[in-house]
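For reference, the structure discussed in these notes is given below.
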Amino acid sequence: MLSKLLKYDLKYMIKNMTIFYILSIFFAITTRILFNLEQSIIINIIGQISVGCMFSMIASILINTMMRSWVRFKDSLYKDEAYLTHTLPVTKTELYNSKFIQTLIFFFIGFFVILISLFIAYYSKDNWLVLTDYIKTITTGLNMSTSFFVIMFITLIFLEVFNAIQCGFYGMILGHKKNNGKLGYSILFGFIIYLLAQALVLALIFVYGLFDSSVMELFKTAAVSIDVHAFKILAIVASLLYIVIIFVMSILCKKELNKGVNIE
Amino acid sequence: MSNMKLLEVKKLDKYFDNKKILKDINFSVSKGKIVGLLGKNGAGKSTLIKLINDLLTPTNGEIFVNGNKIGVETKKIISYLPERTYLNKQMKVSEVINYFEDFYDNFDSEKAKRLLKDLDLDINQKLTKMSKGMQEKVQLVLVMSRNADLYVLDEPLGGVDPATRDYILDTILSNFNENASVIISTHLISDIEKILDEVIFIDKGQIVLQSDADKLRNKENASIDEIFRRMFKC
């Protein structure tokens, strides 16, 4: 049944997100074309507008993926549609997993479309060299490989955003339990859970620092010239902690849902 | 018809923020019965129905359907019509049919299409383009197109015109088998009383009367509608 639930959750997201994907790529193409034309004031103005539109679509992809995931979660589990959702012959765990996987998939798609858009708009040998040189400057300073830096950077952003989305899910579950259907509690609980998750990551890194002086230095000094080893450790430990928190929180969400719902 | 209990509700309580909504509800429904769940506004009818459908969690007590606690197994055999429109309005009727076909093994899509045609409803139309009454008809068709064991209908006649009510009652009567049961909650007692086998009167969260419909009529020498009006006179 999970695959069937997922099919409809994905359909919902596709219907709502496709327009942003198309517009993002469309403006990437227009940006590319306009900056390859013979330049004039008018062309330049239109080109800048096109760039602005492309970046606003990129922002829309990120914001809408997050917002639509929350809206879908709330509508499906707690609004009128819940009368259908909760009477389907599926477990609450399957309901949650479907939303979880749907969000994960659309974040991957979103990141992919953003990369494609940026590639279309800006790719050239010169720009590629500038970008790689820039990253190399950073990674040389940090004494780490470029691939390690890029992977860690993307992973951390992805985990951070995904953690925020799941905090929203958990906040809605607890908020609804506290005060049926009232949005205020959902937002409040979501925000508190997010802060607690961040504080927990920080606290655990601090605990790790008790055994690793280079990591502890991050808490003690504002100097930029920190041991690069500490940055590596910070990135790895933070990523692992986020994964654990996301996993544990998903278990807590399912446990709470399995206790039952009260749909007004 | 079998006397086996299809639905059993035992010592059921439901509180919202310490406010009693249902208290000590006990009743059972046998197979092959049409039961009217009757009561004034706010008596607790919809709350009881929601508890049977896992939309609310009991404070105390238990509900069994075919011997199973409320869960995936019971949802396979209960066909529920809520008092509100609950379908994704962005969907076309045909998409909703596919949705029901995907999730319910006992859904008969051919029957659904036939019933929709009888009611002049276009399966290619989006729900958002339909009136509330039309959406309610679509929901009723979907619910009655399942070969379920228990149909739970919350105010099925509420939003429709009198001519359609007769069609709906005919649909209810002709679309369930002798091993299935129907629970109907409604205010429009005179419209449904001719089809009822049993009645449950509910008031202030408690069952105040449960009886065979014919026996009650004979005993009180009045229609169910009249008995209800007498009992709940303001």
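Counting neighbouring Cβ atoms within 10 Å and putting the fewest first, the residues A:Ser3, A:Ser69, B:Ser94 line up as A:Ser3, B:Ser94, A:Ser69. Taking every DSSP bridge with both residues inside segment B:37-175, close to 50 percent are antiparallel.
Here the calculated FRET efficiency for A:Phe26 and A:Ala164, from their Cβ-Cβ distance with R0 = 25 Å, stands at 0.30, rounded to the nearest 0.05. This model, with +1 at the C-beta of Lys and Arg and -1 at the C-beta of Asp and Glu, gives segment B:1-115 a dipole about its Cα centre of some 480 debye.
GNM on chain A, alpha-carbon springs under 10 angstrom: the most fluctuating residue among A:Thr31, A:Thr87, A:Thr18 is A:Thr87.
What is the distance in Å between the Cα centres of segment A:49-98 and segment B:188-217? Value for the Cα centre distance between the two parts: 43 Å.
Arranged from fewest to most other beta-carbon atoms within 10 Å of their beta carbon, B:Asp149, B:Asp191 become B:Asp191, B:Asp149. Label-to-label distance, B:Arg229 versus B:Leu188, with points set 7 angstrom from Cα along the beta-carbon direction: 1.8 nm.
Between the alpha-carbon centres of segment A:121-194 and segment A:234-258 there is a gap of 15 Å. For segment B:18-128, what is the relative contact order in percent, using Cα pairs closer than 8 Å and at least 6 residues apart in sequence? After rounding, I find 19 percent. Of the residues A:Thr103, A:Thr139, A:Thr65, the one that moves most in a GNM of chain A with alpha-carbon contacts below 10 Å is A:Thr139.
Which one of B:Gln210, B:Leu121, B:Ser79 has its Cα pushed farthest toward the positive end of the charge dipole of chain B, where Lys and Arg give +1 and Asp and Glu give -1 at the Cβ? With unit charges placed on the Cβ atoms, the residue in question is B:Gln210.
Ordered by the count of other Cβ atoms within 10 Å of each Cβ, fewest first, B:Met231, B:Met130, A:Met57 give B:Met231, B:Met130, A:Met57. Comparing A:Asn127, A:Asn163, A:Asn16 in a Gaussian network model of chain A (Cα springs below 10 Å), the most mobile by mean-square fluctuation is A:Asn127.
Over chain A, Cα pairs under 8 Å with separation of 6+ residues give a relative contact order of 20 percent. Is the shape of segment A:1-151 rounded, prolate or oblate, going by the alpha carbon gyration tensor and its root eigenvalues a ≥ b ≥ c, with a/c under 1.5 for rounded and a/b larger than b/c for prolate? Since a/c reaches 1.5 but b/c is at least a/b, the shape of segment A:1-151 is classed as oblate. With the convex hull drawn over the C-alpha atoms of segment B:180-234, the volume per residue is 90 Å³. Charges were assigned to the Cβ only: +1 to each Lys and Arg, -1 to each Asp and Glu. The resulting dipole of the protein assembly as shown about its Cα centre is roughly 600 debye. For the pair B:Lys204 and B:Lys132, a Förster radius of 30 Å applied to the C-beta separation gives a FRET efficiency near 0.50, rounded to the nearest 0.05. The distance between label points at A:Leu104 and A:Ile41 comes to 5.5 nm (points 7 Å beyond Cα on the Cα→Cβ vector). Return the whole-Å distance between the Cα centroid of segment B:100-162 and the Cα centroid of segment B:38-63. Each part's Cα centre sits 23 Å from the other's.
Here chain B is assigned +1 on the Cβ of each Lys and Arg and -1 on the Cβ of each Asp and Glu. Its dipole about the Cα centre then comes out at about 680 debye.
Note on B:Lys233: aspartates and glutamates with a C-alpha under 15 Å away, same-chain residues under 8 apart excluded, are B:Asp203, B:Asp225.
To the nearest 0.05, what FRET efficiency results for A:Lys178 and B:Asp122 with a Förster distance of 56 Å applied to their C-beta separation?
Efficiency, from the Cβ-Cβ distance: 0.85.
Fraction of C-alpha pairs exceeding 22 angstrom in segment B:1-120: 46 percent, rounded to a whole number.
Spacing of the modelled spin labels on B:Lys11 and A:Phe247, each 7 Å from Cα toward Cβ, amounts to 4.1 nm. Only helices reaching 15 angstrom along their own axis (Cα) with mean Kyte-Doolittle hydropathy no lower than 1.0 count here, and for the DSSP H runs of chain A these are A:41-78, A:92-122, A:146-178, A:183-209, A:228-258.
The eigenvalues of the Cα gyration tensor, multiplied by 5 and square-rooted, give the protein assembly as shown an equivalent ellipsoid with semi-axes of 56, 29, 17 Å from largest to smallest.
Judged by the ratio a/c of the largest to the smallest principal axis of the C-alpha gyration tensor, chain A counts as oblate, that ratio being 1.5 or greater while a/b is no larger than b/c.
Every number here is computed from the coordinates shown, using simple stated rules; none is lab data. Predicted model, so just to flag it, every value in this text is computed and none were measured. Note that each Cβ is placed from the backbone with ideal geometry, even for glycine, and that neighbours are counted across all protein chains shown.
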